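The values are calculated or read from the model by the stated rules, or taken from the named source; none is laboratory data. Every value quoted in this text rests on a predicted model; they were computed, and no experiment measured them. Please note: Cβ atoms are built from the backbone with ideal geometry, for glycine as well, and neighbour counts cover all protein chains shown.
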């Protein structure tokens, strides 16, 4: 019986795919037809770009740099914003004649798939690779190969411990500490709170929760009643918060992060407890707008939003280009395990006092827009490079 | 029912279409990436494709026997985490071999568990292996809650950069698999496997040990998943409990692209091997064709869908003509 139903499922999929392929065929076709042309051009191109990349270039106008991007996860607004900003920022340098179009490898894929992305970037003879790693250690050997080939490798958003690989990102622990400190002070160092965390075991979540715990250690009168995972998902965050509110109706506050804060606040709105807890929010326009709505009915409500900026990647692009141009990095400004990490400051913290400022940024942005900051060329040069 | 010659051909040689497909895909890839056949490029491609190839071979056995195994990703994860935790970044070669042996045993045990539920207790394969996939995935998470650990780089390099006689290691492994399969096919086990997948009831009545054949396909699948887990661990050099879960669907897609229908009883392992390689090559094509970033996923999916649908379309036209 099962075999038969499986067979039917297979047939249905086939039929559906035939319909799809019929509509989609024209898209695939041009790709094939362009092939011979590329073939003809390729050999000369390869020769031209084979020159060692990291050497200081005397006349930047003679050679344009090609920078590759590797991103293994596309279903998040953070990554979408990141890719869009990278393309945008690179245009500046293209106009100056410093870089070619970015070579972007960005599809949902696993560790082996990202290794393939990186290998393909190497095969395309890029001068630098910006990688947002999908695995903390799984790419190490491949990245080391790239470094050995003389490619400048920068890991953005997630710190890696690979010799020769630079990191550009915010300090995740400090990021979490900022909102945790704010919460502790708003509570006057006393009260009952709950925590909603991201994926247990995800490196960013682990260091963030460490940061929160470090802060709370200094406030012995703040009691963490419970902690659960909202899986960085709005709906799950809402569900978890509803359960917490049912169990602890007199909650004084809660700490949460990225994506789940909107769900948690919606749960509070739905439950409407006699005393509203002090809420940790997130730096997303949708949250700020919800916050503004809530304030109309509950003027005492208080929250904070610490931006987690996708702009670290375009900042990383600026750093990469300046390094390729042979400018000297001020090693004393770098941190991290290998002393190869560029730590980017959090661009904006929104509290009740500057909520309007945040809302102004959001005015012409979609709801999913994340409060952001890209360091300018001058800021990058004055912060990280030898003058 | 009249059969067109194409249909006759594909029934006789189930891998035929997949071989045509891989040749076409290779030619397109070659035109976009002229150094595709250089030793280093071939090797770096094969070492990435091999984990899916191994997984697809195991899956092919199960599907041939009329079942399906969606727990293989979980087995890959267990093997990966066990190797990463037990061998460690500074482990010795002896320790590595010991745990490679233990990994294979783990694969066999996991497969036997699936086989027991499905062949002996007669539970639904989809539901059972879906459930055990969480069992295995959960165990992996228990072994290694946070990504980390790993195997010594020198051992990883055996997998990553060995090219005996200038030919990448992957070629040898694939050749051995195909030879083993050709032998197995000619044995009694081979014909039993096809008869169980084709018509289990009839097979039972003619004295084929259906239960044991079914059971064995899951054990083989578990063993191949363990080999795949060893390969991916040597490729990445590190442990991550989530590493296997996205690989399951890739393996099943590879089997189907390779001309093995999910209804069972038809196909072999050559097709699925070609299917797994083709999926990797498709990724290369998308990568080298300078597809606009926002279209990359769509274009890749479209090519896969076309590849899946092509035999059906050819049959459709064949029928119209006759």
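Of these, B:253, B:211, B:187, B:206, which one is within 13 Å of the chain's Cα centre (by Cα) and surrounded by fewer than 24 Cβ atoms within 10 Å (Cβ to Cβ)?
On the way: B:211 fails: within 13 Å of the chain's Cα centre (by Cα); B:187 fails: within 13 Å of the chain's Cα centre (by Cα); B:206 fails: within 13 Å of the chain's Cα centre (by Cα).
Unique residue meeting the criteria: B:253.
Does residue B:53 satisfy being closer than 20 Å to residue B:283 by Cβ, part of a helix (DSSP H, G or I), more than 14 Å from chain A (Cβ to nearest Cβ) and in contact (Cβ under 8 Å) with a residue 24 or more places away in the chain?
Details: closer than 20 Å to residue B:283 by Cβ: yes; part of a helix (DSSP H, G or I): yes; more than 14 Å from chain A (Cβ to nearest Cβ): no; in contact (Cβ under 8 Å) with a residue 24 or more places away in the chain: yes.
When the stated conditions are applied, residue B:53 does not pass them.
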(request) Determine if the range B:1-20 includes at least one residue that is part of a loop (DSSP other than H, G, I, E, B), free of Cβ contacts under 8 Å to residues at least 60 places away in the same chain and closer than 26 Å to residue B:252 by Cα. (result) yes
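Determine which member of the set B:42, B:36 is surrounded by fewer than 20 Cβ atoms within 10 Å (Cβ to Cβ) and under 22 Å from the mean Cα position of the chain (by Cα).
Being surrounded by fewer than 20 Cβ atoms within 10 Å (Cβ to Cβ) and under 22 Å from the mean Cα position of the chain (by Cα) holds for just one of B:42, B:36, which is B:42.
Residues in the range A:201-221: is at least one within 26 Å of residue A:270 (Cα to Cα) and touching a strand residue (DSSP E or B) at 6+ places or on another chain (Cβ under 8 Å)?
Initial filter on the range A:201-221 (within 26 Å of residue A:270 (Cα to Cα)): none.
No, that holds for no residue.
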(message) Within the range B:231-247, take every residue that is surrounded by fewer than 24 Cβ atoms within 10 Å (Cβ to Cβ) and modelled with pLDDT of 90 or more and give me the one that is nearest to the other protein chains (Cβ to nearest Cβ).
(response) B:235
(message) Can you find, within the range A:100-119, the residue that is farthest from the other protein chains (Cβ to nearest Cβ) among those that are buried (at least 24 other Cβ atoms within 10 Å of the Cβ) and more than 19 Å from residue B:231 (Cα to Cα)?
(response) A:105
(request) Take the range A:346-368 and flag every residue that is farther than 21 Å from residue A:318 by Cβ and outside any helix (DSSP H, G or I). (result) A:349, A:350, A:351, A:352, A:353, A:354, A:363, A:364, A:365, A:366, A:367, A:368
(request) Read through the list (1) surrounded by fewer than 19 Cβ atoms within 10 Å (Cβ to Cβ); (2) not in a loop (DSSP other than H, G, I, E, B), then give the number of the only condition that residue A:275 fails. (result) (2)
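Mind checking whether some residue in the range A:317-331 is assigned by TED's automatic domain parsing to the domain that holds residue A:86, farther than 29 Å from residue A:74 by Cβ and touching a helix residue (DSSP H, G or I) at 6+ places or on another chain (Cβ under 7 Å)?
Here is the first cut: in the range A:317-331, the residues assigned by TED's automatic domain parsing to the domain that holds residue A:86 are A:317-331.
Those still in the list that are farther than 29 Å from residue A:74 by Cβ too: A:325-331.
From what's left, touching a helix residue (DSSP H, G or I) at 6+ places or on another chain (Cβ under 7 Å): A:329-330.
The answer is yes; a qualifying residue exists.
With the structure loaded, tell me whether residue A:98 is assigned by TED's automatic domain parsing to the domain that holds residue A:316 and at pLDDT 95 or above or whether it fails that test. It would help to see each step written out before you state the result.
Details: assigned by TED's automatic domain parsing to the domain that holds residue A:316: yes; at pLDDT 95 or above: no.
The answer is no for residue A:98.
Checking the structure you have, find out if any residue of the range B:273-291 is outside any helix (DSSP H, G or I), in contact with a strand residue (DSSP E or B) (Cβ under 9 Å, 6 or more places away or on another chain) and surrounded by fewer than 24 Cβ atoms within 10 Å (Cβ to Cβ).
Of the residues in the range B:273-291, the ones outside any helix (DSSP H, G or I) are B:289-291.
In the following step, the residues that additionally are in contact with a strand residue (DSSP E or B) (Cβ under 9 Å, 6 or more places away or on another chain) were identified as B:290.
Subsequent filtering for residues that are surrounded by fewer than 24 Cβ atoms within 10 Å (Cβ to Cβ) retains B:290.
Yes: one or more hits.
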(message) Can you pull out every residue in the range A:224-266 that is over 20 Å from the mean Cα position of the chain (by Cα) and under 21 Å from residue A:174 (Cα atoms)?
(response) A:224, A:227, A:253, A:254, A:255
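To keep it simple, each residue is scored yes or no on (1) within 14 Å of chain B (Cβ to nearest Cβ); (2) part of a helix (DSSP H, G or I); (3) touching a residue at least 40 places away in the same chain (Cβ under 8 Å).
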{"site": "A:224", "(1), (2), (3)": "no, no, no"}
{"site": "A:245", "(1), (2), (3)": "no, yes, no"}
{"site": "A:249", "(1), (2), (3)": "no, no, no"}
{"site": "A:262", "(1), (2), (3)": "no, yes, no"}
{"site": "A:293", "(1), (2), (3)": "no, yes, no"}
{"site": "A:299", "(1), (2), (3)": "no, no, no"}
{"site": "A:304", "(1), (2), (3)": "no, no, yes"}
{"site": "A:308", "(1), (2), (3)": "no, no, yes"}
(message) Being surrounded by 20 or more Cβ atoms within 10 Å (Cβ to Cβ), closer than 29 Å to residue A:199 by Cα and more than 14 Å from chain A (Cβ to nearest Cβ) is the requirement here; does residue B:77 meet it?
(response) no
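Could you identify the single residue in B:112, B:60, B:84 that is more than 14 Å from chain A (Cβ to nearest Cβ) and either crowded, with 24+ Cβ neighbours inside 10 Å or outside any helix (DSSP H, G or I) (or both)? Give the steps one after another, and end with the answer.
Working: B:112 fails: either crowded, with 24+ Cβ neighbours inside 10 Å or outside any helix (DSSP H, G or I) (or both); B:84 fails: more than 14 Å from chain A (Cβ to nearest Cβ).
Just one listed residue meets the conditions, B:60.
Rundown of residues vs (1) touching a helix residue (DSSP H, G or I) at 6+ places or on another chain (Cβ under 8 Å); (2) closer than 30 Å to residue A:91 by Cα; (3) surrounded by fewer than 20 Cβ atoms within 10 Å (Cβ to Cβ), yes/no style:
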{"residue": "A:221", "(1), (2), (3)": "no, no, yes"}
{"residue": "A:255", "(1), (2), (3)": "yes, no, no"}
{"residue": "A:270", "(1), (2), (3)": "yes, no, yes"}
{"residue": "A:301", "(1), (2), (3)": "yes, no, yes"}
{"residue": "A:310", "(1), (2), (3)": "yes, yes, no"}
{"residue": "A:315", "(1), (2), (3)": "yes, yes, no"}
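Of all residues in the range A:188-200, how many are surrounded by fewer than 19 Cβ atoms within 10 Å (Cβ to Cβ) and either within 14 Å of chain B (Cβ to nearest Cβ) or in contact with a strand residue (DSSP E or B) (Cβ under 6 Å, 6 or more places away or on another chain) (or both)? Reasoning before the result, please.
Here is the first cut: in the range A:188-200, the ones surrounded by fewer than 19 Cβ atoms within 10 Å (Cβ to Cβ) are A:188-190, A:192, A:199-200.
In the following step, the residues that additionally are either within 14 Å of chain B (Cβ to nearest Cβ) or in contact with a strand residue (DSSP E or B) (Cβ under 6 Å, 6 or more places away or on another chain) (or both) were identified as A:192, A:199-200.
The qualifying residues number 3.
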